[in-house]
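Note sheet for the following structure.
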Amino acid sequence: MRILIAGAGGFIGSHVCDRLLGEGHEVIGADNFLTGSPRNIAHLQGHARFSLIRHDIIEPLDVAGPLDVIFNLASPASPKDYLAHPIETLRTGAEGSRNLLELALRNGARYLLASTSECYGDPLEHPQKETYWGHVNPVGPRSCYDESKRYAEALTMAYHRRHGLRTHIARIFNTYGPRMQHDDGRIVPNFIRQALRGEPMTVYGDGSQTRSFCYVDDLVEGLVRLSRSEEPWPVNLGNPEEMTVLEFARMIRDLAGSRSAIVFEPLPEDDPQRRRPDIGKARAVLGWSPRIGVEEGLRRTMEWFRKELETPGA
């Protein structure tokens, strides 16, 4: 197949490129590198079946030749990034999604949207099922990301209903692994970097809030299966193994063999108190569930971070 991956230079996008190239497909990556990194796909330079378009999907995009599938993975995803680029984030979810949907329509291609568990906001339902409508502050500081994805989902379904476009929506829960930005402010990079350097590990709030962490290889498997299914409605992709942030900090500290102290800072505004996916639909429709345990995934991630942090300027 001939596949376009928007956001190819991002953490998840680069792993999707690797997976699809490994299956023998032709992959066209698109990225403006606002938050992605050319380093994530540097190893693909010169690959016979990979090409890169430096492009911001806010602007219309045309690709020469046919396309079979479009993965829309383009968006700032960490609070640090989308709080720094709120308008770009909103426009990526709105105009960017429309441009890629139009491209899919012109090519008769399947279209997969990488949405987010942030669509559920600070949830009143636990664990979160796809049928839950969410508890989101539409004017809070995080709304630029939450609402861009909620709008992108609505737009995707509108194209599916009006044009019969074959669409898929993945609601992605916390994902981690190699190629994460080590300074993007999210839990996994923060804790690993601090633990490896022996710095105090920063826990926001009292650490009782929960998260569920899925290793990137498992997530990519779910995305690929979803893109080949006939399921147009949202599907949760994440690891239902829930733990508190404080438990997670201690686990990383132990795995790193670190003596870092744990320090507490005020909780950011609208930070969700609980996050855990109900993946019953993914199991039933895709035959998918995570296979890599949190400790194993963290060991793999930590090894990558050790090498990354040894790089000058890291």
Separation between Cα centres of region 226-288 and region 1-80, rounded to whole Å
25 Å
Going through region 1-99, which GluC sites (Glu not before Pro) have at most 11 other Cβ atoms within 10 Å and a DSSP loop state?
GLU23
Using the Karplus equation 6.51 cos²θ - 1.76 cosθ + 1.60 (θ = phi - 60°), what ³J(HN,Hα) coupling, rounded to whole Hz, does each residue of region 86-100 give in order, writing x for Gly and Pro?
x, 6, 4, 5, 5, 5, 5, x, 8, 5, x, 4, 5, 4, 6
Using modelled amide H (1.01 Å from N, peptide plane; none on Pro or chain starts), what sits under 5 Å from the amide H of GLY10, excluding residues fewer than 5 places away?
SER37
Amide hydrogen neighbours beyond the local backbone of ILE169, cut-off 5 Å, H modeled:
LEU113, VAL235
Treating every alpha carbon of region 225-314 as one equal point scatterer without solvent, the Debye formula yields log10 I(q)/I(0) values at q = 0.17, 0.18, 0.23 Å⁻¹ of -0.99, -1.03, -1.18
How large is the translational diffusion coefficient of region 204-270 in µm² per second when you combine the Kirkwood radius over alpha carbon pairs with Stokes-Einstein at 37 °C and 0.692 mPa s?
225 µm²/s
Of all alpha-carbon pairs in region 160-314, indicate the percentage at a distance above 22 angstrom.
46 percent
Integer Hz, Karplus 6.51/-1.76/1.60 couplings in order for region 276-286, x for Gly and Pro
7, x, 8, 9, x, 5, 4, 5, 6, 8, 10
Loop-only GluC sites (Glu not before Pro) in region 139-239, please: DSSP not H, G, I, E or B, and at most 15 other Cβ atoms within 10 Å.
GLU230
Once amide H atoms are built 1.01 Å from N in the peptide plane, which residues 5 or more positions from CYS214, or in another chain, come under 5 Å H to H?
THR175, TYR176, ASN239
Karplus couplings for region 194-209 from phi (6.51 cos²θ - 1.76 cosθ + 1.60, θ = phi - 60°), rounded to Hz, Gly and Pro as x?
5, 5, 5, 8, x, 8, x, 8, 8, 10, 8, x, 9, x, 7, 5
How about region 112-176: which chymotrypsin sites (Phe, Trp or Tyr not before Pro) there lie in a loop by DSSP and see at most 14 other Cβ atoms within 10 Å?
TRP133
Per-residue counts of other Cβ atoms within 10 Å, averaged by peptide: what ranking do you get for 188-200, 262-274, 107-119, 246-258, highest first?
107-119, 188-200, 246-258, 262-274
Regarding the chain, what are the three Cα extents along the principal axes, ordered largest first, in Å?
56, 45, 37
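Read the figures in this text as sums done on the coordinates, not as results from a lab. The structure displayed is predicted, hence computed values, not measured ones. Backbone-built Cβ (ideal geometry, glycine too); neighbour counts: all protein chains shown.
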